[in-house]
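Everything below concerns the one structure shown next.
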2 protein chains.
Amino acid sequence: MDPLSATFAALADPTRRAILARLADGEATVAELAEPFDMTTQAVSKHLRVLEEAGLITRGRRAQWRPSRLREDALDDATDWLEHHRAAFRQRFDALDREIAALRKDEGNHDGNH
Amino acid sequence: MDPLSATFAALADPTRRAILARLADGEATVAELAEPFDMTTQAVSKHLRVLEEAGLITRGRRAQWRPSRLREDALDDATDWLEHHRAAFRQRFDALDREIAALRKDEGNHDGNH
DNA sequence: GCACTCTTCAACCAAGAGGTTGCACAACCG
DNA sequence: CGGTTGTGCAACCTCTTGGTTGAAGAGTGC
């Protein structure tokens, strides 16, 4: 899967978004991350693997713990895509507004409203 | 599915992202949208349904055509989430940098480097 | 009415996602 | 050493996804 698709797919799950939000407070172990959820640690471990493969987190190794931490540039590509296209969309709507305004003005010059 | 998850899930497919990019140039019919892809129009119709249910596009009805167009505020929520959390992540890393700098300075005051 | 076009609906299929349980492995602790 | 803890792996299950084919609407135009 291409990296951008992997990132968006990883973000498309509320559990994973909550894990990311938690990791903004600092690194955490699997058990710590699993605690708020009604779910086995294995399931959380799977979510972490998805996040890791999407390049959103890295995982350390300290004794029997595998602390997860955010990657600093985790959300850059996704943010870039969204901001770029949101800007393009807005331009589109601005152009549409101008067209509509021009049409209205033109109509007014010829036959008024109807 | 919650709206944010639906949005990210919709964006997690390159075909759908290409469709959105195409729609930034103006509205288009299913057949027009399907043309660049090696895929049946039915498959594209399914993608459009996903985009519509995620609130990213709206669909008109003009004779036998169903033109799709972007929703102006389509990407707002996703962008907000990403920007907010990217900022939070960066704050985290800045804090980490300060901690490390403080540690280095402290170490230097006591026993030099090792 | 009839043919034609654009689109959707329904059924199907292979593959993947998200969860479970059970087990294995590695590292601590007595 | 043996027991406990944290984690990962494998197998399994159910539901979803992304595609297909074939048929059915819905609108246009002769």
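Residue-level analysis places A:THR40 outside the set of residues that are more than 16 Å from DNA strand C (Cβ to nearest atom), among the β-branched types (Val, Ile, Thr) and open to solvent by less than 90 Å² (accessible area, probe 1.4 Å). Can you tell me how many residues in the range A:1-31 are more than 7 Å from every other protein chain (Cβ to nearest Cβ), surrounded by fewer than 17 Cβ atoms within 10 Å (Cβ to Cβ) and closer than 14 Å to B:LEU11 by Cβ? Total satisfying the criteria: 2. When the range A:44-66 is filtered for residues that are more than 17 Å from the chain's Cα centre (by Cα) and either facing another protein chain (nearest Cβ under 9 Å) or more than 13 Å from DNA strand C (Cβ to nearest atom) (or both), the ones remaining, listed by number, are A:THR58, A:ARG59. Of the helices (runs of 4 or more DSSP H) lying entirely inside the range A:1-82, those containing at least 1 residues that are over 22 Å from B:LEU56 (Cα atoms) span A:14-23, A:30-34, A:41-53. The criterion of being closer than 28 Å to A:ASP13 by Cα and open to solvent by less than 60 Å² (accessible area, probe 1.4 Å) does not hold for A:LEU96.
In the range B:42-62, the residues that are more than 22 Å from A:ARG90 (Cα to Cα) form Cβ pairs under 6 Å with partners that are near DNA strand C (Cβ under 9 Å from one of its atoms), at six or more places apart or across chains, as follows: B:VAL44/B:VAL30; B:VAL44/B:LEU33; B:VAL44/B:ALA34; B:SER45/B:VAL30.
The values are calculated or read from the model by the stated rules, or taken from the named source; none is laboratory data. This structure is a prediction, so every number in the text was calculated from the model and none was measured. All Cβ positions, even for glycine, are placed from backbone atoms using ideal geometry, and neighbour counts span all protein chains on display. Accessible surface areas use protein heavy atoms only, side chains included; no ligands, DNA or RNA. Shrake-Rupley method; radii C 1.70, N 1.55, O 1.52, S 1.80 Å.
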